[in-house]
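One structure is given here, and the rest of the page talks about it.
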Amino acid sequence: MTRPKGGRKRKRGYLLLLPLMVFLAAFFLFPLVRVVQFSFLSPELTFKNYHALVDTNIYLRVFVATFRLGVTVTLSCLIMGYPVAYLMANVKPRLERFLMILVIVPFWTSLLVRTYAWMILLQRSGLLNNFLSKLGLISEPLKLMYNTFGVNVGMINILLPFMIITMHGVMKGIDKNLLKAAQNLGASRFRSFVRVYLPLSLPGVTGGALLVFVMAIGFYITPSLMGGLRDFTVSVVIETTINKLLDWGLASALAVVLLVITLAMVFVYNRYLGLDNLVGGKRT
């Protein structure tokens, strides 16, 4: 038998991808096109939905608040996640697997359940306030929920594993002999970390930061349940605009603007750093 030509192999590959392409077209691309279409209809073709976003200061403030929240959550996850990822990448495999299980376990619990758990902990009569009161550290309950603090705590808890896993994938690929070589040349452990290890781990840092930030600015459940009147994010405003104002056009315009900003960030990241960092990067 003669081996199939390259063209026939490609056609077979396309046929294998066909079910996936049909699924994505039906359940992702088509709804996305409809959202873009709704943003320009009211019910006739118009740009008034986008004009409303520009002319009304409240929407600009909502976008600013959303991106400020995304930056805060991303930096917090980075500060807390980097030492954990570093530890996981530099311990024995048995301990590494145990730590990875601890990081992954939250994924087995519903996001909604985890949010309600934090609400039980942080509410005025919750476990944390009661504990601090019994210790005599506070005279009245602290306001830990229905504000920016509560939203940050809930979102950091949910998004932290994504940051850790992304950075761990890159750190695991760093050749440890480079650190030994730097120390043999006279560098201290701290100096070799700062001058060698930290720069090599930056692809994981930037990849994890992008992943967490993109997810944070589109978060809905936690800001909706744990946020206050001043903690409206774009996703919360979209839900309110649809369910209470019944304005699908304006809500679609908000969604399109958020999508365009997100895609622009991903494009810039891929242009200068490469999206392969999001899945572990290249072995150093």
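The values are calculated or read from the model by the stated rules, or taken from the named source; none is laboratory data. What you are looking at is a predicted structure, and each value in this text was computed from that prediction instead of being measured. Backbone-built Cβ (ideal geometry, glycine too); neighbour counts: all protein chains shown. The accessibility values were calculated without ligands, DNA or RNA, using every heavy atom of the protein model including side chains. Shrake-Rupley method; radii C 1.70, N 1.55, O 1.52, S 1.80 Å.
Do we have L128 as closer than 16 Å to V212 by Cβ, surrounded by 12 or more Cβ atoms within 10 Å (Cβ to Cβ) and in contact with a helix residue (DSSP H, G or I) (Cβ under 8 Å, 6 or more places away or on another chain) here? Answer is no for this residue. Consider region 158-188 and keep the residues that are over 16 Å from V91 (Cβ atoms) and charged (D, E, K, R). The one that is most open to solvent (accessible area, probe 1.4 Å) is K180. Quick check on S201: is it among the small types (G, A, S) and modelled with pLDDT of 90 or more? So S201 passes the test.
Selection within region 38-54: residues that are open to solvent by 50 Å² or more (accessible area, probe 1.4 Å) and hydrophobic (A, V, I, L, M, F, W, C). The member of this set that is nearest to W248 (Cα to Cα) is F38. Taking the listed residues F67, F98, F107, the one that is of a type in the set (F, W, Y), surrounded by 15 or more Cβ atoms within 10 Å (Cβ to Cβ) and out of contact with any Asp or Glu (no Cβ under 8 Å at 6 or more places or on another chain) is F67, with no other qualifying.
May I ask you to verify whether G150 is small (G, A, S) and in contact (Cβ under 8 Å) with a residue 40 or more places away in the chain? It is true that G150 is small (G, A, S) and in contact (Cβ under 8 Å) with a residue 40 or more places away in the chain. Does V73 satisfy the criteria of being touching a Phe, Trp or Tyr at 6+ places or on another chain (Cβ under 6 Å) and modelled with pLDDT of 90 or more? No. Residues that are open to solvent by less than 20 Å² (accessible area, probe 1.4 Å), touching a Gly at 6+ places or on another chain (Cβ under 9 Å) and closer than 9 Å to M167 by Cα within region 191-215 comprise G204, G207, G208, listed in sequence order. Considering region 218-246, the residues that are of a type outside the set (V, I, T), touching a helix residue (DSSP H, G or I) at 6+ places or on another chain (Cβ under 6 Å) and without any contact (Cβ under 8 Å) to a residue 40 or more places away in the chain include one that is surrounded by the fewest Cβ atoms within 10 Å (Cβ to Cβ), namely Y220.
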